[in-house]
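Inspection log for the structure reproduced underneath, given as structure tokens.
The values are calculated or read from the model by the stated rules, or taken from the named source; none is laboratory data. What you are looking at is a predicted structure, and each value in this text was computed from that prediction instead of being measured. FYI the Cβ positions are ideal-geometry reconstructions off the backbone, even for glycines, and counts take in every protein chain you see. Surface areas here come from the heavy atoms of the whole protein model, side chains and all, with no ligands, DNA or RNA. Shrake-Rupley method; radii C 1.70, N 1.55, O 1.52, S 1.80 Å.
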Amino acid sequence: MVTVFGLGFVGLTTALGFAHLGYDVYGIDVDETRTEILRNGKLPFLEPEMEDVLQKHLNHNFFITDDIPKAVTNSNYIFYCVGTPYGKNGCADLTYLFSAMESALAAIKDETFRVLVIKSTIPPSTTAEKILPFIESKKTSSQRLGIANNPEFLREGHCWEDFTGADRIILGCNDNQSQEMLIRLYEPLGIPIKCVSQSTGEFIKYLSNTLLATLISYSNEMSEIADAIGGIDVADAFHILHMDKRWNGCDMTSYVYPGCGYGGYCLPKDTSALYAQAAAKGIQPPILKHVIETNHHRASVIAKKISSGMPKDSAIGILGLSFKPLSDDVRDTPAARIINELRTLGYHNIYAYDPVAMDEFHKHYPEILIQPAESAHALYNVSDVVAIVTAWEEFREIPSYGSKKIVDCRYMLDKA
Ligand SMILES: NC(=O)c1ccc[n+]([C@@H]2O[C@H](COP(=O)([O-])OP(=O)(O)OC[C@H]3O[C@@H](n4cnc5c(N)ncnc54)[C@H](O)[C@@H]3O)[C@@H](O)[C@H]2O)c1
């Protein structure tokens, strides 16, 4: 049996993924609102396909429980999928991870070998330097435990397909028993499995996310240069760049494209955490430093573009609040940064519309005052200038509403 701590995007997908493979799975989350929604067969966030999978397995072989001793006692595999948000000085905050580990350790009373699997994103060497000493200080002499790092690469909006059709599964283990158990667990997925050390597993996740952040900051910097030079069709230039057969046909092109800067739960905090870790080791990595600065700077570039030539009492319409389309996730969303920049520039008459993320935005940013619009069309009608900040497909219609100034911050509109 498998127990999964944390039932967010990663944990719920992992739990349902193993249930789908036929294993019995316990899911644990400290957020009672979240577990209540899940117990009713609903998803607490927008994620295609997952609700059907949840309803298929809920109470058949996927059990949401508060009974940690029962779940842990019956499980050989304990997965940690809790959040690792921004901590002090941009470091990864491991509080939730330690708390979940402590509650499992307190519940293990027998001598069965169990593998504790960390799927949460943690900076390289965290297992060696922090988690192993933590476990050593908490475990009893009879507990037999292996520790593994198993980073997750799923994309929100594609969680299910990315778990069941992952490119590779990475098992960062420093002992053979954990490695063999995890290979057995994952083998039925038929996905290539790469076995590495714990620190290598941790590092690969940051290698991936910092590269994606770099591609985005590079693309944004190039578009700023192009705008300053003038006479350059930025969208065309990037689309033609993508025709190079070394890019063509690969999904990576969506990261090599200008926009509003990277956002969401992972790229900002993970880039910052690796930078903070490097700084603590005495290195000031110049590329990462500028990737982060370029991303911060992007919001002010966009805000100036939107407000250029507009009187301070103009009504500014923001289309899109989630950090990307097909998602209601507003964590670290560029929309919040851009609205704050507009306010700093003296624009306070700001309307906003998002097809799914209005409530989440109000919940996360109660201090950011926006006037909600009922629809994209309603927003267009009340605004003097309209800015496309999230690339929802429905926003392609905007030019047909009239001749107001539209700032296509996502370079998504077809040219006439
Ligand atoms: N969201 C992504 O796209 C993504 C992709 C790959 C990796 N990751 C990483 O996976 C981890 C989880 O991300 P997420 O997006 O699923 O986060 P999330 O915020 O959606 O979910 C985390 C869940 O953990 C729960 N939790 C916190 N403490 C707990 C405890 N002690 N016991 C049980 N549950 C607890 C929270 O209530 C929350 O529901 C993070 O480290 C993240 O960086 C996220």
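Considering segment 371-387, and only residues there that are part of a loop (DSSP other than H, G, I, E, B) and touching a residue at least 60 places away in the same chain (Cβ under 8 Å), the residue that is most open to solvent (accessible area, probe 1.4 Å) turns out to be D384.
Counting the residues of segment 325-348 that are outside any helix (DSSP H, G or I) and open to solvent by less than 50 Å² (accessible area, probe 1.4 Å) gives 9. Quick one: would you say A128 is among the small types (G, A, S), open to solvent by less than 60 Å² (accessible area, probe 1.4 Å) and in contact with a strand residue (DSSP E or B) (Cβ under 7 Å, 6 or more places away or on another chain)? In short, no.
Return the residue satisfying two criteria in turn: it lies in segment 157-166 and is open to solvent by less than 20 Å² (accessible area, probe 1.4 Å) and of a type outside the set (F, W, Y), and of such residues it is nearest to F79 (Cα to Cα). Applying the filter and picking the extreme gives C159.
One residue stands out among those in segment 85-97 that are open to solvent by 10 Å² or more (accessible area, probe 1.4 Å) and not in a loop (DSSP other than H, G, I, E, B): the one that is nearest to the ligand (Cβ to nearest atom), which is Y96.
Residues that are in a loop (DSSP other than H, G, I, E, B), surrounded by fewer than 18 Cβ atoms within 10 Å (Cβ to Cβ) and away from the ligand (no atom under 16 Å from the Cβ) do not occur anywhere in segment 290-302.
Here segment 1-20 is the region considered, the condition is being among the β-branched types (V, I, T) and assigned to a helix (DSSP H, G or I), and the residue that is most open to solvent (accessible area, probe 1.4 Å) is V10.
So that you can scan it fast, the table gives a plain yes or no per residue for (1) open to solvent by 10 Å² or more (accessible area, probe 1.4 Å); (2) assigned by TED's automatic domain parsing to the domain that holds T271; (3) closer than 30 Å to L288 by Cα; (4) part of a loop (DSSP other than H, G, I, E, B):
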| site | (1), (2), (3), (4) |
| --- | --- |
| G22 | yes, no, no, yes |
| G41 | no, no, no, yes |
| P44 | yes, no, no, yes |
| V53 | yes, no, no, no |
| K56 | yes, no, no, no |
| G83 | yes, no, yes, yes |
| S99 | yes, no, no, no |
| E102 | yes, no, no, no |
| V117 | no, no, yes, no |
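If the condition is being over 15 Å from R114 (Cβ atoms) and either in a loop (DSSP other than H, G, I, E, B) or in contact with a Leu (Cβ under 8 Å, 6 or more places away or on another chain) (or both), then segment 161-185 contributes D162, F163, T164, G165, A166, D167, R168, I169, L171, N174, I183.
Among the residues of segment 140-156, those identified as within 23 Å of N176 (Cα to Cα) and either in contact (Cβ under 8 Å) with a residue 60 or more places away in the chain or open to solvent by 60 Å² or more (accessible area, probe 1.4 Å) (or both) are T140, S141, R144, N150, E152.
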